[in-house]
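We did not get these values from a lab; they are worked out from the coordinates using the rules stated. As the structure is a prediction and not an experimental result, all values here were calculated from the model. Don't worry about glycine lacking a Cβ; one is built from the backbone with ideal geometry, like all the others, and counts go over all protein chains shown.
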Amino acid sequence: MPHIFKQPRILFVTPEVSYLPKKMSTMSSFLKARAGELADVSAALIYSLYKKGADIHVALPDYRTLFNNHESSSFQRQLSTMGSCDNEARVHLAKDQIFFYKEKIYSDCDQENIKSALSFQREVINTIIPRVQPDLIHCNDWMTGLIPAMARKLGIPCLFTIHNIYNNKALLSSIENRGIDPAYFWQNLFFERQPLNYEETRGSNPVDFLASGIFAADFVNTTCPEFLRELTQGQHPFVTPSIKQELSNKVGQGCASAILNCPDGSRLPKNDTYLFKNYDENTHIEGKKANKILIQDRLGLSKDPLKPILFLPSCMDKVHNGSYFISTILYALLSRDWHQDLEIIFTAKGTIRGLIEDTIRDFDLTNRVAVCKPEDSLLRTAYAASDFLLVQCSVEPVSSEEITGLLYGSLPIVHNNNDNHQAVTPLDVAHNSGNGFLFNQSDVDSLMSAIDKAMMFYNLPRDVKNHQISRIIKQSHERFDHAVTVEQYLLLYEKMLKRPFSRRDIL
């Protein structure tokens, strides 16, 4: 009897995702919750694995208010029963009231984030893993840090991906109170100090989420090669000695790697269906002009294709990405570049959105500054319309936002924290090299200086400037290939499973 090949079943666990393949679920078009780079990277990898025929399942919190703000009773009924009795379901929502009414993924309060993380992991551990019966689990960031310990106890290979170095801790007693039984797998967790026994450590020795994920996972990867090196060398002030040591141990065991995550093929300006006008390195002048006029009209900015646009794509949140200070320099920045008619587009929610809107109102900047919702149609058009991209974040490595900016011809202004050197290097027009502008992460004067350099570039003769933009788009398309990213993940899965995947296009 011939052998029937069965694809390995992958459970992809993530607290956020930008989009899902249309055929993956009848609800795919609504299941979008994005705070930043993690959502984009997750979406691109899930899409490509599904396209290649992988048996990929996704575990995601049930953010029913965030999911397109869809309030119809039929939508809510369909959402409430989703995956509960369908053995063929590919998308599995972790259901808890703490998710249902969230207006943003991450709270300004650490304790609220810890409760959300524990509720999410409770549902994955108690319900979703038994339902899916995965051959491999792929976890992402600190909100999934307990799951590798459970996976190790069950004998399921687990990959833990570090997208940023944000972290939290919780006592075993708090974990118990959220409905998880850590006594079953506590030996695989990483604690603040060496535990003596369960009872002794239960109420006095916090579990480190990120260190636990690294410690218990079979394999760990980061989303940037330079980021992995810097974490193990302690070059980030946020990185604790325990995380540095555990990651170094994984590197020493040959169980850590770095995979540069690139946007999928649908997020290229020549293919992007959300753009008013598509373009490539040869047609970017007219393409970006058409999209600039469209976004200016949609957001109420002054309509003029000659006005430079600075775009901040991260969905700003005081806790999540450290962008809080930007609102304090907003008016100073506009005053400094008033003669340039610089326009700024923010993507923001929560506290910082209110601060930005207050500044816009108080100083009558409605035709100069706009705050857009984190919706795909707006975000992609803003990438295409903008001239410069500001990614102000101190806890993430090189992000998909920077790479997307380069692909769309929006030149990044980024932290000079060495991570970004993987993607962004100083623009040098004289030597026809580089692609962006760097500043020091805690230095506002340095940020303003980098923006000044960007404006100087904008004012160069058009033929000189357009030649550089064409070069940057072309080189970025050659360098950042999502097909390579997906193949590297497939090879890593195969290494962990000790068995092959069948690669075939099904979409």
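Annotations for the structure displayed:
- For the chain, the Rg and Dmax computed from alpha carbons only, in angstrom: 22.8, 78
- The string of couplings for the stretch 177-186 from the Karplus curve (6.51, -1.76, 1.60, θ = phi - 60°) is 5, 8, x, 9, 9, x, 4, 5, 9, 4 Hz, one whole number per residue in order, with x for Gly and Pro.
- Secondary structure note: in the chain, about 10% of the DSSP beta bridges are antiparallel.
- Relative contact order (%) - criterion: Cα under 8 Å, at least six apart; region: the chain: 14
- Under 30 Å from the Cα of LYS307 - lysines, other chains or at least 8 residues apart: LYS270, LYS277, LYS288, LYS289, LYS292, LYS318, LYS349, LYS373, LYS453, LYS465, LYS474
- Loop GluC sites (Glu not before Pro), the stretch 99-151, which have at most 11 other Cβ atoms in a 10 Å radius of their Cβ (DSSP): GLU103
- The spread of Cα positions in the stretch 227-270, taken along each principal axis and listed from longest to shortest, comes to 45, 25, 12 Å.
- Modelled this way, with points 7 Å down the Cα-to-C-beta line, the labels at HIS477 and GLU199 are 6.8 nm from one another.
- 20 Å Cα-Cα reach of LYS52 towards lysines, excluding residues that sit fewer than 8 places from it in its own chain: LYS6, LYS22, LYS23, LYS495, LYS498
- Subtracting the Cα-Cα distance of GLU375 and ARG462 from their residue separation scaled by 0.36 nm leaves 28.1 nm.
- The aspartates and glutamates whose alpha-carbon is closer than 19 Å to the alpha-carbon of LYS95, local same-chain residues fewer than 8 away aside, are GLU16, ASP62, GLU71, ASP86, GLU103, GLU112, GLU123, GLU176, ASP181.
- Debye, to nearest 20: dipole size of the chain, +1 on Lys, Arg Cβ, -1 on Asp, Glu Cβ: 1280
- Residue-averaged [θ]222 nm for the chain, counting only DSSP H segments that reach four residues, each worth -39500 (n - 2.57): -11500 deg cm²/dmol
- Note on the chain: dipole from Cβ charges, positive end direction compared against GLY179, GLY409, LEU460; the farthest Cα belongs to GLY179.
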